[in-house]
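See below for the structure under consideration.
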Amino acid sequence: MKIVITTGGTGGHIVPAFATARCLQALGHEVALVGVFRKAKANIVNAGFMVAEIPGCGLRSYRPADLAEFMGGLAQGISQAGRFMRRFQPDRVAAFGGYASVAAALNAVWRKAPLIVHEQNVIPGRANQWLGRAALRVAVSFAETSAFFGTKKTVLTGCPTVLSGSSLPNRQAARQAFGLDAAKPTLLIFGGSQGSQKINAVFLETAVWLKGDSEFQVIHVAGEKACDAVRKSYAVQEIPAVVLPFCDRMAAAYAAADLVVARAGALTVTELGVLRKPAVLIPYPHAGNHQAANSRILKETGLAATVAEKDLTPYLLYEKIKSIQTVVLSLNQEDQIASRFFPDAAERLARTIVAD
């Protein structure tokens, strides 16, 4: 079967799409990816996939200038995606959300090629809510999302990720790979692909409280703009830290960490659940506040504490970290986690895409 996967814009869309593409490829299907991939494009091409990168931009607001920019990009994307689809002649199209998926998904509808939509978040994005109406099936990461599309159309697959407990390196080896002490407790801090100024600033003050309790070390993904300042702050406090603008070794970073402080994107929440990593989640408060709904899924299992960004202070973050860092999951909680987070989500979704 020939399958187009369309996605792009952010890692939260691209990673699940890429993980699913690899499973479809392993099942013997011919897969092409259409969308916006930027830095991820080289890895996708190197994995043996045909890639068509198309123009487009997100809809920032309904102001005339922003609306005109969005519509112009969409028109160009529809045209370029259409040319590719005519050449490739897909049997199925799978859309993973984001503005970059709309152009190819619309072409699928016009060509009457079956469309499957995958929604990563608990609360669907605008693109997927719209595309879901025309989809043959809607695959969802969380059971709660079925309410937005109707249970007859939805399939619970989970959110695909390339990570699993068995794929992680040894904890001590991972710490040493980052140049850290193999035996010292380690915190992983990251605020999304661009970093978070708020999380960066608050955690640097929280670190003072934590240092008063015991020794620890940090892997901190701070974003390009803040990287130097964050690194200097740890040096002044004499806290061992690896500070990165972005991290392309997330398997090693998760393996090294005893506890994670992060946003609550669907992929992050899924990875934390699959890997059983205790976390303090600080949901991104914009974009429809969908991360707050994601964070509640992990909090309900007992694996995470949450704090709204508007309430975030250094001491409150310190208290949240202390409350979750020694969590011991009960058998009931383990069962809850297993029923909500699926290490085989990519395989489940791949089979959903090709099912009759």
Practice task
Sort out which residues of segment 1-47 are among the polar types (S, T, N, Q) and touching a strand residue (DSSP E or B) at 6+ places or on another chain (Cβ under 8 Å), and write them in order of number.
Solution key: Thr6, Thr7, Thr20, Gln25
Problem - Top-ranked residue of segment 1-37 - restricted to ones that are out of contact with any Gly (no Cβ under 8 Å at 6 or more places or on another chain) and over 26 Å from Lys112 (Cβ atoms), ranked as surrounded by the fewest Cβ atoms within 10 Å (Cβ to Cβ) - result: Ala26
Exercise for the section: Within segment 298-347, track down each residue that is basic (Lys, Arg) and either in a strand (DSSP E or B) or more than 19 Å from Thr268 (Cα to Cα) (or both). Expected result: Lys310, Lys322
Completion exercise
Residues of segment 145-170 being within 22 Å of Ala262 (Cβ to Cβ) and modelled with pLDDT of 95 or more, in sequence order, are Thr145, Gly158, Cys159, Pro160
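Test Val327 against the stated conditions and say whether it is at pLDDT below 95, over 30 Å from Val93 (Cβ atoms) and over 18 Å from the mean Cα position of the chain (by Cα).
Working: at pLDDT below 95: yes; over 30 Å from Val93 (Cβ atoms): yes; over 18 Å from the mean Cα position of the chain (by Cα): yes.
Judged against the criteria, Val327 is a match.
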Completion exercise
Expected single match for touching a residue at least 40 places away in the same chain (Cβ under 8 Å) and out of contact with any helix residue (DSSP H, G or I) (no Cβ under 9 Å at 6 or more places or on another chain) among Pro160, Pro185 is Pro185
Handout entry: Residue match in segment 186-205 (condition: more than 22 Å from the chain's Cα centre (by Cα), in a loop (DSSP other than H, G, I, E, B) and surrounded by 14 or more Cβ atoms within 10 Å (Cβ to Cβ))
Key = no
Handout entry: Hits in segment 242-290 (condition: small (Gly, Ala, Ser), over 13 Å from Ile189 (Cβ atoms) and buried (at least 23 other Cβ atoms within 10 Å of the Cβ))
Key = Ala255, Ala264, Gly265, Ala266, Gly273
Exercise for the section: Would you tally the residues in segment 2-56 being in a strand (DSSP E or B), aliphatic (A, V, I, L, M) and touching a Pro at 6+ places or on another chain (Cβ under 9 Å)? Expected result: 4
Handout entry: Some residue of segment 126-134 being buried (at least 16 other Cβ atoms within 10 Å of the Cβ) and at pLDDT 95 or above
Key = no
Completion exercise
Only one of Val93, Val117, Val109 is under 24 Å from Lys152 (Cα atoms), in the same structural domain as Leu33 (by TED's automatic domain parsing) and in contact with a Gly (Cβ under 7 Å, 6 or more places away or on another chain), namely Val117
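The values are calculated or read from the model by the stated rules, or taken from the named source; none is laboratory data. Note that the structure is a prediction, hence the values are computed from the model and not measured. Please note: Cβ atoms are built from the backbone with ideal geometry, for glycine as well, and neighbour counts cover all protein chains shown.
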